[in-house]
Amino acid sequence: MTTTVGANWAGSYHYRAAGLARPASVEELQELVAGSAHVRALGSRHSFSDLADTDGVLVELTGLPSGIRVDAEAGTVSVAGGVRYGELAEQLEREGWALANLASLPHISVAGAVATGTHGSGAHNRSLAAAVAALDVVGPDGDLRRVRRGDADFDGSVVSLGAMGIVTRLELDVEPTYRVRQEVRTGLAWEVVEARFHDIAGAGYSVSLFTRFDDEGVAQLWVKSRADEPPLADAFGTLAAGATMHMIRGGAVEAVTGQGGEPGPWLDRLPHFRMGFTPSAGAELQSEYFVPREHAVAGIEALRSLSSTIGPLLEVAEIRTVAADEQWLSGAGGQDVVAFHFTWVRDEPAVRAVVRLIESALAPFGVRPHWGKVFELDAAALAETFPRLPDFVALRDRVDPDRVFGNAFLERVLP
Ligand SMILES: Cc1cc2nc3c(=O)[nH]c(=O)nc-3n(C[C@H](O)[C@H](O)[C@H](O)COP(=O)(O)OP(=O)(O)OC[C@H]3O[C@@H](n4cnc5c(N)ncnc54)[C@H](O)[C@@H]3O)c2cc1C
C-alpha cells in the first residue's frame, strides 16, 4: 500500500485518504475491506469532488484481471469494475458485440461511471447504469454478494455513489455490433431550438447541442445516427461543418471521434473523444443538471438569462437528453430528462458561486445534479428532487450500518 494517492483527473481535488491499495485478487480485496474501518473504491478519477474519498484506504481495482466474457445467450458481458469503457468496447467490437450507448469519453471505469449515473445522449437512450444486469459487490465484512436486476435492492445498488461496497464485476446488456455516422452542423438559432427542441433532440440516435447560452445560439449540433437508420433529414437551418470540429475553441481536433457522416463502429462515434488523447480541456471543472424533459425550453431560457455571468468561466456547455431509468439516484431516475452540462475553467470558488445561480434558476423545474460533478445543492434540496433518497439511505443503513464506505461527501448529501 502506498500513502500518496494524488489528485483526480482534472487536478482539482487532492485525495486525503490515508493510503491507496491495489489488490491483485478479489480475495485480497475482501481481506483488505474486512480489516478496514473505512475504505472506498477509486475508479479512473474523473469525478470533480471529494465523492470518492475516505479518511481510510482508497482501493483501485486496476490490479484485478479484466476478465471480459460475453454470454451470447443471455445477451450480457461480464467485466471487472476497474476496466475502462474504451478497453471493454474494443474487446466487444472484436467479438461482434456492442453497448447501447457510451459517455462522451471512453477513459472512465465501468464501476465508477455507473456509480454516479453517468450517461451519454439520445431521446430514447438511458444512462449507462440502465445497462447493468448484475453486480458483484464486496460488503463491509469482506463478504462478496451478487445483486441482480429484479432483486429488491437492485435499484439502489447501481447508482450507489460507492456507498454500498466495492463492485468487483458487472454484467452489462450487449447487442450485436452496429455502425454510427456522426455529423456536425453549425449555426442553430435559439428560435429554432425553442420551437422544435424535441424534434432536434430526436433527430438522431444521440444528439448534443453545444452552446455558451449567448446570442450566438447553438454553435455546434452533433448528431450521431445509426447507419441502419436514415441520416439527418431536417437540417433545422444549420450548415454542415466544413472540417472536423472540437466543441471547445482551440481544442485539438485529433482528440475527437470521426465526423463528416462516414459510418464507423459504434465505439468510434458514440463518444465525443478518442482513447489515447486528452478529452475535453484537461485542467477544468464540470457541472451538470437534469430537469424533466418537458421543461427543456424553459430551462434553456433560464440559462440564457445568466449567459453574461456564466460566460467568463465557461469553456462550453452541452445540452443532451437521457431516457428514464429505474435507479433511485439516477439523474434520469423515473423521468425522461434534459441534461445541461457545463465545462468550466478550473477556478473552483468562482465556479461554485455561478453554480449556485444556475441551481436557483433551475430550481422551479425540480433540478437534480450529476453526482460526479461540481454542485452546491444541499441534502434538503436533494431530498426534494430524488423521491427515493429515503429508500437509498435505508438500504445503505442495512448494508453498511457502521458506514465503512461512508465519507464526508455522503454525510453532506444524504439526509
Ligand atoms: C472529461 C470528462 C468527460 C465526462 N463526460 C461525461 C459524460 O459524457 N457523461 C456523464 O454522465 N459524465 C461524464 N463525466 C463524469 C464522469 O463520467 C463521472 O464522474 C464518473 O463517475 C467517473 O468515473 P470514474 O471511474 O473516474 O470514477 P471516480 O471518479 O474515480 O469515482 C466516482 C465514484 O464511483 C465510486 N466507485 C468507483 N469505482 C467503484 C467500484 N469498483 N465500486 C464501487 N464504487 C466505485 C467512487 O467511490 C466514487 O464514489 C465526465 C468526466 C470527465 C472528466
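The values are calculated or read from the model by the stated rules, or taken from the named source; none is laboratory data. Just so it is clear, the structure is predicted and the values come from calculations on it, not from any experiment. Because the Cβ atoms are built from the backbone with ideal geometry, glycine has one as well, and the counts that use them run over all protein chains shown.
Annotations for the structure displayed:
- Among the residues of the stretch 64-109, those identified as over 25 Å from GLU288 (Cβ atoms) and in a helix (DSSP H, G or I) are GLU90, GLN91, LEU92, GLU93, ARG94.
- Only a single item in (1) of a type in the set (A, V, I, L, M); (2) out of contact with any Pro (no Cβ under 9 Å at 6 or more places or on another chain); (3) near the ligand (Cβ under 8 Å from one of its atoms) is not met by VAL83, and it is number (3).
- Single unsatisfied condition, THR168 versus (1) over 20 Å from VAL132 (Cβ atoms); (2) surrounded by fewer than 24 Cβ atoms within 10 Å (Cβ to Cβ): (1)
- Evaluation of SER287 against the conditions (1) within 16 Å of the ligand (Cβ to nearest atom); (2) outside any strand (DSSP E or B); (3) crowded, with 22+ Cβ neighbours inside 10 Å shows that the sole unmet condition is (2).
- The set of residues in the stretch 377-390 that are out of contact with any Leu (no Cβ under 7 Å at 6 or more places or on another chain) and surrounded by fewer than 16 Cβ atoms within 10 Å (Cβ to Cβ) comprises ASP378, ALA380, GLU384, PRO387, PRO390.
- Residue tally, condition more than 6 Å from the ligand (Cβ to nearest atom) and either assigned by TED's automatic domain parsing to the domain that holds VAL114 or among the polar types (S, T, N, Q) (or both), over the stretch 39-54: 2
- Any hit, the stretch 367-387, residues being assigned by TED's automatic domain parsing to the domain that holds ALA317, within 16 Å of the ligand (Cβ to nearest atom) and farther than 22 Å from VAL322 by Cα: no
- VAL167 meets the conditions (1) outside the structural domain of SER330 (by TED's automatic domain parsing); (2) not in a strand (DSSP E or B) in every case but one. The failed one is (2).
- Any hit, the stretch 127-134, residues being within 30 Å of ASP402 (Cα to Cα), in contact with a His (Cβ under 7 Å, 6 or more places away or on another chain) and not in a strand (DSSP E or B): yes
- Residue within the stretch 333-348 that is farther than 25 Å from GLY43 by Cβ, polar (S, T, N, Q) and either more than 13 Å from the ligand (Cβ to nearest atom) or in contact (Cβ under 8 Å) with a residue 40 or more places away in the chain (or both) present: yes
- When we screen ARG398, ARG352 for residues that are of a type in the set (Lys, Arg) and either within 16 Å of the ligand (Cβ to nearest atom) or outside the structural domain of GLY250 (by TED's automatic domain parsing) (or both), the only hit is ARG398.
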